[in-house]
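A short worksheet on the structure shown next.
The values are calculated or read from the model by the stated rules, or taken from the named source; none is laboratory data. Note that the structure is a prediction, hence the values are computed from the model and not measured. Note: ideal-geometry Cβ built from the backbone for every residue, glycine included; neighbour counts use all protein chains shown. In case anyone asks, the SASA skips ligands and DNA or RNA and just uses the protein heavy atoms, side chains included. Shrake-Rupley method; radii C 1.70, N 1.55, O 1.52, S 1.80 Å.
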Amino acid sequence: MRQAHGQLTIATRGQGLVEVTRDVIAWLDAQGLTDGVVTLFCRHTSASLIINENAAPAVRGDIERYFARLAPESREYEHDDEGPDDMPAHLKTALTNVSLSIPMTGGRMVLGTWQGIYLFEHRAAPHRRTLALHVIGE
């Protein structure tokens, strides 16, 4: 049994989904493990991780618009230290994931045909986000 850890830094353009599947695959390929489990952890409170369809761009747009309606910018939030998108970003993170665990077989993550891994940026301004990665296996 072996394990490896590392990190990815992802530049965002502001609110929206950034597919990171290829970045994770490249990191895993460099580790040389074939079977095991990879864990991704988003080290932020205003960005998150999701797995969703990566074939139809309309899916990403619908998800982004849904979360914008679910946690809109509002003057009603007490927490607005970093602007009107601050608290909605925290709510969106709370409703999604900051950690994902994905099995690996034959050197590849066991994702479905249409599944991709996304960093979900919840802030309006561009950011550099850090994902911690850990893989354990053979």
Which of the residues spanning segment 78-110 are at pLDDT below 95 and touching a Pro at 6+ places or on another chain (Cβ under 9 Å)?
-> none
What are the residues in segment 97-108 that are surrounded by fewer than 17 Cβ atoms within 10 Å (Cβ to Cβ) and in contact with a helix residue (DSSP H, G or I) (Cβ under 9 Å, 6 or more places away or on another chain), if any?
-> GLY107, ARG108
If you take the residues of segment 83-98 that are free of Cβ contacts under 8 Å to residues at least 40 places away in the same chain and not hydrophobic (A, V, I, L, M, F, W, C), which of them is farthest from LEU49 (Cα to Cα)?
-> PRO84
Are any of the residues in segment 31-39 within 15 Å of the chain's Cα centre (by Cα) and either closer than 21 Å to GLN3 by Cα or open to solvent by 60 Å² or more (accessible area, probe 1.4 Å) (or both)?
-> yes
Residue list for segment 77-99, filter: of a type outside the set (D, E, K, R) and closer than 30 Å to HIS134 by Cα = MET87, PRO88, ALA89, HIS90, LEU91, THR93, ALA94, LEU95, THR96, ASN97, VAL98, SER99
Scan segment 111-130 for residues that are surrounded by fewer than 13 Cβ atoms within 10 Å (Cβ to Cβ) and either outside any strand (DSSP E or B) or touching a helix residue (DSSP H, G or I) at 6+ places or on another chain (Cβ under 7 Å) (or both) and jot them down.
-> GLY112, THR113, TRP114, ALA125, PRO126
Has segment 58-68 got at least one residue that is out of contact with any strand residue (DSSP E or B) (no Cβ under 6 Å at 6 or more places or on another chain), of a type outside the set (Val, Ile, Thr), within 22 Å of PRO126 (Cβ to Cβ) and at pLDDT below 95?
-> no
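Name the one entry in GLU82, GLU73, GLU64 that is open to solvent by 60 Å² or more (accessible area, probe 1.4 Å), within 18 Å of the chain's Cα centre (by Cα) and acidic (Asp, Glu).
Matching residue, one of GLU82, GLU73, GLU64: GLU64.
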Checked segment 85-110 for anything in a strand (DSSP E or B) and more than 15 Å from ASP29 (Cβ to Cβ); matches are ASN97, SER99, LEU100, SER101, PRO103
